[in-house]
Amino acid sequence: MTNDHEEPRWLSDEEQRVWRAYLQATTLLDDHLDRQLQRDARMPHVYYGLLVTLSAAPRRRMRMTELAKYAKITRSRLSHAIARLEQRGWVIREDCPSDKRGQNAFLTDAGFEVLRQAAPGHVAAVRHALFDRLTSEQQKSLGEIMEIVAEGLQPKEVGADLPWLR
């Protein structure tokens, strides 16, 4: 934030170039992966991410509030997505035994199977769109850069109690 009396720190020409390239690349990558998953698995990328997160969670279960925080979506958007996944038989909502008000999302065997079938095509799309275009040195640099950015923006409590996500 700037003080009302301070001049904003405008981006340099090089910073503008990097910022615009980042925005274009992430928009195109998100669109590419979403189209691939819609075509091959009939699900949007956000649903795939939810299934992956649940598959990695202990007993394939996670509290809805934690799942929303991790997926970086609102609770209402998560509730809508989980309802759609429930209609497909891929996820079940369960009452949380330790908190009467809370709910868990559980990845069913059918959901795990859909994820297992979708994963090879998705990883091929990710590999083709990103990793095959970069040298191993560039991949390492990109990973380090994204970790620094994510660490600086990540709320401190998110992930602290999710050791499998580290």
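The values are calculated or read from the model by the stated rules, or taken from the named source; none is laboratory data. Every value quoted in this text rests on a predicted model; they were computed, and no experiment measured them. Note that each Cβ is placed from the backbone with ideal geometry, even for glycine, and that neighbours are counted across all protein chains shown.
A few points about this structure:
- Taking every residue in the range 123-152 that is under 18 Å from LEU28 (Cα atoms) and surrounded by 11 or more Cβ atoms within 10 Å (Cβ to Cβ) and pairing it with any residue that is among the polar types (S, T, N, Q) and modelled with pLDDT of 95 or more, at least 6 positions away or on another chain, the pairs with Cβ-Cβ distances below 8 Å are ALA125/GLN36; PHE131/GLN139.
- Conditions (1) modelled with pLDDT of 95 or more; (2) surrounded by 10 or more Cβ atoms within 10 Å (Cβ to Cβ); (3) over 19 Å from GLN38 (Cβ atoms): number failed by GLY111: (3)
- Of the residues LYS69, LYS100, the single one that is more than 18 Å from the chain's Cα centre (by Cα) and at pLDDT below 95 is LYS100.
- Boolean, ILE82 is at pLDDT 95 or above, part of a helix (DSSP H, G or I) and either surrounded by fewer than 13 Cβ atoms within 10 Å (Cβ to Cβ) or not charged (D, E, K, R) (or both): yes
- Of all residues in the range 78-87, those that are of a type in the set (D, E, K, R) and touching a residue at least 24 places away in the same chain (Cβ under 8 Å) total 1.
- ALA71 vs. criteria of a type in the set (Gly, Ala, Ser) and over 20 Å from GLY111 (Cβ atoms): no
- Across the range 14-60, the qualifying residues are those that are in contact with a helix residue (DSSP H, G or I) (Cβ under 9 Å, 6 or more places away or on another chain) and of a type in the set (Gly, Ala, Ser), and the one among them that is surrounded by the most Cβ atoms within 10 Å (Cβ to Cβ) is ALA57.
- Residue count, the range 100-111 (criterion: touching a residue at least 24 places away in the same chain (Cβ under 8 Å) and part of a strand (DSSP E or B)): 6
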